[in-house]
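As structure tokens, the structure follows; a few thoughts come after it.
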Amino acid sequence: MRYQITGKHIDIGDALQTHVKDELGAILEKYGQRPTDATVTFSKSAHEYVCETTVHLSSGLNASAKSHETEIYASFDSCAEKMDKQLRRYKRRLKDHHKDRAEPVEHFGAASYILASEPDSAEAEPETLQPMVIAEMETKIPSLTVGEAVMQMELAGAPVLVFRNEKKDGVNVVYRRDDGNIGWIDP
């Protein structure tokens with residue numbers, strides 16, 4: 001497994017890197033997953049350390065966790081606990097889906113845009129009706145079943161997931177509703 005352990009504007013020592021590799025390796029080994037790589041990023045936000053961890057599993061799914069603590073080791077340990085909880089919760093479903101799926105999840109390229117927000121003044125008339133594009137980047141859309149899409153959305157901690165439905169061969173969306181349930185848009 002490949003580890004990428006980085007710090008944004010902070011130094012990451014060898015002891016912390018060893019701690020991250022040992023702890024994360026133990027968690028992933030416990031659930032029998034075959035991860036391909038893990039990205040752990042530490043940063044400082046005011047007086048707190050932030051740890052963001054993303055693990056790419058061989059099935060094509062990703063598991064993500066994020067934590068804020070006043071100590072850098074505590075931020076990773078809290079993040080690792082969240083990752084452990086997610087993998088434990090989805091262990092059976094991850095294994096069941098892996099048996100059905102002979103090859104990894106297929107991804108398709110798509111464009112992703114970030115649009116400028118509207119001005120605060122409601123009376124301000126925009127010069128054109130076209131939104132201003134701030135950033136344009138490439139993103140990947142996975143080809144999943146609806147159950148796998150919901151699981152991927154929850155593992156990644158995302159509010160919404162756009163995916164290509166394997167059963168109907170169309171683009172679908174799953175999202176977290178305000179009432180806590182999951183919504184599914186199948187055009």
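Between Lys44 and Glu29, what is 0.36 nm times their sequence separation minus the Cα-Cα distance? Round to one decimal in nm. Kindly include the intermediate steps, with their values, before the conclusion.
Values: separation 15, 0.36 × 15 = 5.40 nm, distance 2.93 nm.
Net length gain for the segment: 2.5 nm.
Positive contributions from Lys and Arg (+1) and negative ones from Asp and Glu (-1), summed over other residues with Cβ under 15 Å from the Cβ of Gly157, come out at +1.
Placing dummy labels 7 Å off each Cα toward the beta-carbon, the span from Thr70 to Lys167 is 5.0 nm. Farthest towards the positive end of the charge dipole of region 2-100, among the residues Ser58, Thr39, Met83, is the Cα of Ser58, using unit charges on the Cβ of Lys, Arg, Asp and Glu. Rounded to the nearest 0.05, the FRET efficiency derived from the C-beta distance between Thr18 and Arg89 at R0 = 25 Å is 0.35. Structure note, pairs Lys82/Lys168; Lys8/Lys167; Lys8/Lys140; Lys44/Lys140: Cα-Cα distances above 31 angstrom occur for Lys82/Lys168; Lys8/Lys167.
Which whole-number percentage describes the relative contact order of region 2-100, with Cα contacts under 8 Å and a sequence gap of 6 or more? Contact order relative to length: 23 percent.
Summing +1 for each Lys or Arg and -1 for each Asp or Glu among the other residues whose beta-carbon sits under 12 angstrom from that of Ile27 gives 0.
In region 1-44, Cα pairs under 8 Å separated by at least six residues give a relative contact order of 71 percent.
Values quoted throughout were computed directly from the atomic coordinates according to the rules given, and no laboratory measurement underlies them. All values reported here derive from a predicted model rather than from experimental measurement. Don't worry about glycine lacking a Cβ; one is built from the backbone with ideal geometry, like all the others, and counts go over all protein chains shown.
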